[in-house]
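Following: one structure in C-alpha coordinates, then a few remarks.
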(Lines give C-alpha, C1' and ligand atoms only; values in the text may rest on other atoms or scores of the structure.)
Protein backbone atom coordinates (compact mmCIF):
# COMPACT_ATOMS: atom_id res chain seq x y z
CA UNK A 1 0.00 0.00 0.00
CA UNK A 2 1.23 3.50 -0.89
CA UNK A 3 0.13 6.99 0.08
CA UNK A 4 -2.37 7.41 -2.74
CA UNK A 5 -3.15 3.82 -3.77
CA UNK A 6 -4.67 1.43 -1.25
CA UNK A 7 -4.02 -1.77 -3.23
CA UNK A 8 -2.27 -4.73 -1.72
CA UNK A 9 1.22 -5.58 -2.95
CA UNK A 10 0.02 -8.06 -5.60
CA UNK A 11 -3.26 -6.37 -6.56
CA UNK A 12 -1.96 -4.51 -9.60
CA UNK A 13 -0.84 -6.15 -12.85
CA UNK A 14 2.51 -5.52 -14.53
CA UNK A 15 0.72 -3.90 -17.50
CA UNK A 16 -1.61 -0.95 -16.93
CA UNK A 17 -3.67 1.61 -18.83
CA UNK A 18 -3.58 5.18 -17.54
CA UNK A 19 -6.56 7.36 -18.47
CA UNK A 20 -6.67 10.74 -16.78
CA UNK A 21 -10.35 10.51 -15.86
CA UNK A 22 -11.04 7.92 -13.11
CA UNK A 23 -14.53 7.37 -14.55
CA UNK A 24 -12.91 6.43 -17.84
CA UNK A 25 -10.86 3.89 -15.90
CA UNK A 26 -14.12 2.43 -14.58
CA UNK A 27 -15.60 2.51 -18.07
CA UNK A 28 -12.68 0.56 -19.51
CA UNK A 29 -12.82 -2.00 -16.70
CA UNK A 30 -16.59 -2.45 -17.04
CA UNK A 31 -16.54 -2.67 -20.84
CA UNK A 32 -13.49 -4.86 -21.44
CA UNK A 33 -12.29 -6.72 -18.36
CA UNK A 34 -13.51 -9.89 -16.67
CA UNK A 35 -13.27 -10.75 -12.96
CA UNK A 36 -12.78 -7.08 -12.13
CA UNK A 37 -11.67 -5.93 -8.69
CA UNK A 38 -11.56 -2.26 -7.68
CA UNK A 39 -8.28 -1.84 -5.79
CA UNK A 40 -8.33 1.92 -5.23
CA UNK A 41 -10.85 4.58 -4.21
CA UNK A 42 -8.56 7.03 -2.40
CA UNK A 43 -9.41 10.60 -3.47
CA UNK A 44 -11.84 9.11 -5.99
CA UNK A 45 -8.93 8.08 -8.24
CA UNK A 46 -10.32 4.70 -9.21
CA UNK A 47 -8.12 1.73 -10.09
CA UNK A 48 -9.13 -1.74 -11.29
CA UNK A 49 -7.55 -5.09 -12.09
CA UNK A 50 -9.16 -7.78 -14.23
CA UNK A 51 -8.44 -10.09 -17.13
CA UNK A 52 -8.33 -9.32 -20.84
CA UNK A 53 -8.13 -12.28 -23.23
CA UNK A 54 -7.11 -14.46 -20.29
CA UNK A 55 -4.29 -12.21 -19.08
CA UNK A 56 -4.19 -9.95 -16.05
CA UNK A 57 -4.21 -6.18 -16.68
CA UNK A 58 -4.97 -3.05 -14.65
CA UNK A 59 -6.36 0.40 -15.35
CA UNK A 60 -5.73 3.42 -13.14
CA UNK A 61 -6.99 7.00 -13.29
CA UNK A 62 -4.19 9.56 -12.93
CA UNK A 63 -5.97 12.92 -12.88
CA UNK A 64 -5.18 15.92 -15.07
CA UNK A 65 -1.69 17.29 -15.54
CA UNK A 66 1.84 16.11 -14.91
CA UNK A 67 1.98 16.66 -11.12
CA UNK A 68 -1.03 14.38 -10.62
CA UNK A 69 0.17 11.73 -13.08
CA UNK A 70 3.63 11.81 -11.51
CA UNK A 71 2.25 10.79 -8.11
CA UNK A 72 0.46 7.73 -9.47
CA UNK A 73 3.20 6.61 -11.85
CA UNK A 74 5.84 6.92 -9.11
CA UNK A 75 3.79 4.75 -6.74
CA UNK A 76 2.78 2.23 -9.41
CA UNK A 77 6.44 1.67 -10.25
CA UNK A 78 7.95 1.89 -6.76
CA UNK A 79 5.30 0.10 -4.71
CA UNK A 80 3.64 -2.23 -7.20
CA UNK A 81 6.27 -3.14 -9.77
CA UNK A 82 4.37 -1.97 -12.84
CA UNK A 83 6.45 -2.57 -15.97
CA UNK A 84 4.33 -1.39 -18.93
CA UNK A 85 2.16 1.74 -19.00
CA UNK A 86 -0.03 3.17 -21.73
CA UNK A 87 -1.66 6.55 -21.36
CA UNK A 88 -5.01 6.54 -23.16
CA UNK A 89 -6.42 10.03 -23.37
CA UNK A 90 -7.79 12.85 -25.47
CA UNK A 91 -6.08 15.76 -27.16
CA UNK A 92 -6.69 19.01 -28.97
CA UNK A 93 -5.23 19.13 -32.47
CA UNK A 94 -3.04 22.14 -33.20
CA UNK A 95 -2.57 21.21 -36.86
CA UNK A 96 -5.54 22.30 -38.98
CA UNK A 97 -5.40 19.14 -41.12
CA UNK A 98 -5.63 16.77 -38.12
CA UNK A 99 -9.24 15.66 -38.13
CA UNK A 100 -11.49 14.98 -35.16
CA UNK A 101 -11.44 11.26 -34.17
CA UNK A 102 -7.85 10.90 -35.42
CA UNK A 103 -5.72 8.63 -33.23
CA UNK A 104 -2.32 10.10 -32.41
CA UNK A 105 0.56 7.94 -31.19
CA UNK A 106 3.08 10.15 -29.42
CA UNK A 107 6.60 9.49 -30.69
CA UNK A 108 7.88 12.34 -28.55
CA UNK A 109 6.49 14.74 -25.95
CA UNK A 110 7.47 18.40 -25.89
CA UNK A 111 6.37 20.56 -22.98
CA UNK A 112 5.94 24.14 -21.81
CA UNK A 113 6.37 22.91 -18.23
CA UNK A 114 9.49 23.52 -16.15
CA UNK A 115 9.25 20.00 -14.69
CA UNK A 116 12.25 18.64 -16.62
CA UNK A 117 14.15 21.94 -16.57
CA UNK A 118 14.20 21.56 -12.80
CA UNK A 119 15.02 17.87 -12.93
CA UNK A 120 17.91 18.32 -15.39
CA UNK A 121 19.18 21.67 -14.06
CA UNK A 122 18.16 23.73 -17.06
CA UNK A 123 19.08 21.19 -19.73
CA UNK A 124 16.63 19.55 -22.13
CA UNK A 125 15.58 15.88 -22.01
CA UNK A 126 14.00 14.19 -25.04
CA UNK A 127 10.92 12.46 -23.63
CA UNK A 128 10.08 9.55 -25.93
CA UNK A 129 8.02 6.36 -25.68
CA UNK A 130 9.21 2.77 -25.77
CA UNK A 131 10.00 1.86 -29.38
CA UNK A 132 8.85 -1.75 -29.05
CA UNK A 133 5.43 -0.73 -27.76
CA UNK A 134 5.11 1.94 -30.45
CA UNK A 135 5.98 -0.54 -33.17
CA UNK A 136 3.50 -3.09 -31.80
CA UNK A 137 0.75 -0.45 -31.65
CA UNK A 138 1.44 0.54 -35.26
CA UNK A 139 1.38 -3.11 -36.40
CA UNK A 140 -1.84 -3.93 -34.55
CA UNK A 141 -3.55 -0.76 -35.74
CA UNK A 142 -2.55 -1.49 -39.34
CA UNK A 143 -3.89 -5.06 -39.06
CA UNK A 144 -7.33 -3.79 -37.97
CA UNK A 145 -7.49 -0.92 -40.44
CA UNK A 146 -7.05 1.80 -37.83
CA UNK A 147 -5.01 4.78 -38.97
CA UNK A 148 -2.48 5.97 -36.41
CA UNK A 149 -0.90 9.40 -36.75
CA UNK A 150 2.60 9.28 -35.21
CA UNK A 151 4.39 12.40 -34.09
CA UNK A 152 5.39 14.90 -31.47
CA UNK A 153 2.78 16.07 -28.94
CA UNK A 154 2.73 18.95 -26.48
CA UNK A 155 2.30 18.17 -22.78
CA UNK A 156 0.96 21.54 -21.64
CA UNK A 157 0.85 22.84 -18.09
CA UNK A 158 -2.22 25.05 -18.65
CA UNK A 159 -5.59 24.07 -20.08
CA UNK A 160 -6.77 27.69 -20.42
CA UNK A 161 -4.59 30.50 -21.73
CA UNK A 162 -5.30 34.06 -22.82
CA UNK A 163 -2.83 33.56 -25.67
CA UNK A 164 -3.83 29.99 -26.57
CA UNK A 165 -4.01 30.35 -30.36
CA UNK A 166 -0.72 32.25 -30.53
CA UNK A 167 1.01 29.77 -28.23
CA UNK A 168 -0.26 26.73 -30.13
CA UNK A 169 0.77 28.19 -33.50
CA UNK A 170 4.39 28.34 -32.34
CA UNK A 171 4.38 24.61 -31.53
CA UNK A 172 2.45 23.79 -34.70
CA UNK A 173 5.06 25.60 -36.80
CA UNK A 174 7.56 23.00 -35.56
CA UNK A 175 5.34 20.07 -36.49
CA UNK A 176 3.79 19.30 -33.10
CA UNK A 177 0.47 17.55 -33.71
CA UNK A 178 -1.69 18.16 -30.67
CA UNK A 179 -1.84 19.29 -27.06
CA UNK A 180 -2.47 17.16 -23.97
CA UNK A 181 -1.15 17.41 -20.40
CA UNK A 182 0.75 14.33 -19.24
CA UNK A 183 3.05 12.49 -21.64
CA UNK A 184 6.36 14.26 -20.96
CA UNK A 185 6.31 13.18 -17.32
CA UNK A 186 5.12 9.65 -18.16
CA UNK A 187 7.96 9.09 -20.64
CA UNK A 188 10.54 10.68 -18.34
CA UNK A 189 9.63 8.50 -15.36
CA UNK A 190 9.57 5.40 -17.53
CA UNK A 191 13.09 6.23 -18.75
CA UNK A 192 14.33 6.85 -15.21
CA UNK A 193 13.06 3.51 -13.93
CA UNK A 194 13.71 1.48 -17.11
CA UNK A 195 10.03 0.80 -17.74
CA UNK A 196 8.00 0.84 -20.94
CA UNK A 197 5.53 3.61 -21.73
CA UNK A 198 3.37 4.72 -24.62
CA UNK A 199 0.67 7.35 -25.25
CA UNK A 200 -2.35 6.93 -27.53
CA UNK A 201 -4.64 9.95 -27.92
CA UNK A 202 -8.03 10.50 -29.51
CA UNK A 203 -8.39 13.94 -31.10
CA UNK A 204 -11.57 15.44 -29.66
CA UNK A 205 -10.95 19.10 -30.54
CA UNK A 206 -9.25 21.05 -33.29
CA UNK A 207 -8.01 24.25 -31.65
CA UNK A 208 -7.23 26.41 -34.72
CA UNK A 209 -10.52 25.45 -36.44
CA UNK A 210 -12.64 25.68 -33.28
CA UNK A 211 -14.10 22.19 -33.79
CA UNK A 212 -15.22 19.94 -30.94
CA UNK A 213 -16.44 16.34 -30.78
CA UNK A 214 -19.73 15.89 -28.84
CA UNK A 215 -19.39 14.13 -25.48
CA UNK A 216 -21.24 10.96 -26.56
CA UNK A 217 -19.04 10.56 -29.62
CA UNK A 218 -15.89 11.10 -27.54
CA UNK A 219 -16.73 7.99 -25.52
CA UNK A 220 -17.30 5.81 -28.60
CA UNK A 221 -13.98 6.77 -30.15
CA UNK A 222 -12.16 6.39 -26.84
CA UNK A 223 -13.32 2.75 -26.61
CA UNK A 224 -11.57 1.67 -29.81
CA UNK A 225 -8.30 3.22 -28.66
CA UNK A 226 -8.58 1.51 -25.26
CA UNK A 227 -9.02 -1.85 -27.00
CA UNK A 228 -5.91 -1.27 -29.09
CA UNK A 229 -3.98 -0.30 -25.96
CA UNK A 230 -5.05 -3.44 -24.12
CA UNK A 231 -3.80 -5.59 -27.00
CA UNK A 232 -0.49 -3.71 -27.03
CA UNK A 233 -0.05 -4.48 -23.33
CA UNK A 234 -0.60 -8.17 -23.98
CA UNK A 235 1.71 -8.44 -26.97
CA UNK A 236 4.65 -6.19 -26.09
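The values are calculated or read from the model by the stated rules, or taken from the named source; none is laboratory data. Here the structure is a predicted model, which means the values were calculated and not measured. Here Cβ is always computed from backbone atoms with ideal geometry, including for glycine, and neighbour counts include all displayed protein chains.
Data for the structure
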{"item": "Residue match in segment 28-35 (condition: at pLDDT 95 or above, under 15 Å from the mean Cα position of the chain (by Cα) and buried (at least 18 other Cβ atoms within 10 Å of the Cβ))", "result": "yes"}
{"item": "Residue among 20, 50 that alone is surrounded by fewer than 22 Cβ atoms within 10 Å (Cβ to Cβ), under 20 Å from residue 202 (Cβ atoms), in contact (Cβ under 8 Å) with a residue 12 or more places away in the chain and touching a strand residue (DSSP E or B) at 6+ places or on another chain (Cβ under 8 Å)", "result": "20"}
{"item": "When residues of segment 94-103 are limited to those that are closer than 29 Å to residue 27 by Cα and either in contact with a helix residue (DSSP H, G or I) (Cβ under 9 Å, 6 or more places away or on another chain) or free of Cβ contacts under 8 Å to residues at least 24 places away in the same chain (or both), the one surrounded by the fewest Cβ atoms within 10 Å (Cβ to Cβ)", "result": "101"}
{"item": "Some residue of segment 212-221 being crowded, with 16+ Cβ neighbours inside 10 Å, modelled with pLDDT under 95, more than 19 Å from residue 114 (Cα to Cα) and touching a helix residue (DSSP H, G or I) at 6+ places or on another chain (Cβ under 9 Å)", "result": "yes"}
{"item": "Residue check, residue 57 loosely packed, with under 15 Cβ neighbours inside 10 Å and touching a strand residue (DSSP E or B) at 6+ places or on another chain (Cβ under 7 Å)", "result": "no"}
{"item": "Unmet criterion (only one of (1) touching a strand residue (DSSP E or B) at 6+ places or on another chain (Cβ under 9 Å); (2) free of Cβ contacts under 8 Å to residues at least 40 places away in the same chain) for residue 139", "result": "(1)"}
{"item": "Tally of residues being under 16 Å from the mean Cα position of the chain (by Cα) and farther than 18 Å from residue 196 by Cβ across segment 134-149", "result": "1"}
{"item": "Lone qualifier among 166, 162 - being over 19 Å from the mean Cα position of the chain (by Cα), surrounded by fewer than 23 Cβ atoms within 10 Å (Cβ to Cβ), assigned to a helix (DSSP H, G or I) and without any contact (Cβ under 8 Å) to a residue 60 or more places away in the chain", "result": "166"}
{"item": "Test for residue 151: is it surrounded by fewer than 18 Cβ atoms within 10 Å (Cβ to Cβ), touching a residue at least 12 places away in the same chain (Cβ under 8 Å) and in a strand (DSSP E or B)", "result": "yes"}
{"item": "Any hit, segment 172-184, residues being part of a helix (DSSP H, G or I) and farther than 30 Å from residue 75 by Cα", "result": "yes"}
{"item": "Filter result (over 17 Å from the mean Cα position of the chain (by Cα) and closer than 16 Å to residue 213 by Cβ) within segment 97-124", "result": "98, 99, 100"}
{"item": "Some residue of segment 75-89 being over 28 Å from residue 49 (Cα atoms) and touching a strand residue (DSSP E or B) at 6+ places or on another chain (Cβ under 6 Å)", "result": "no"}
{"item": "Test: residue in segment 104-127 that is surrounded by fewer than 22 Cβ atoms within 10 Å (Cβ to Cβ), out of contact with any helix residue (DSSP H, G or I) (no Cβ under 9 Å at 6 or more places or on another chain), touching a residue at least 12 places away in the same chain (Cβ under 8 Å) and within 19 Å of residue 88 (Cβ to Cβ)", "result": "no"}
{"item": "Unique match (being within 27 Å of residue 56 (Cβ to Cβ) and surrounded by fewer than 23 Cβ atoms within 10 Å (Cβ to Cβ)) among 186, 228, 200", "result": "228"}
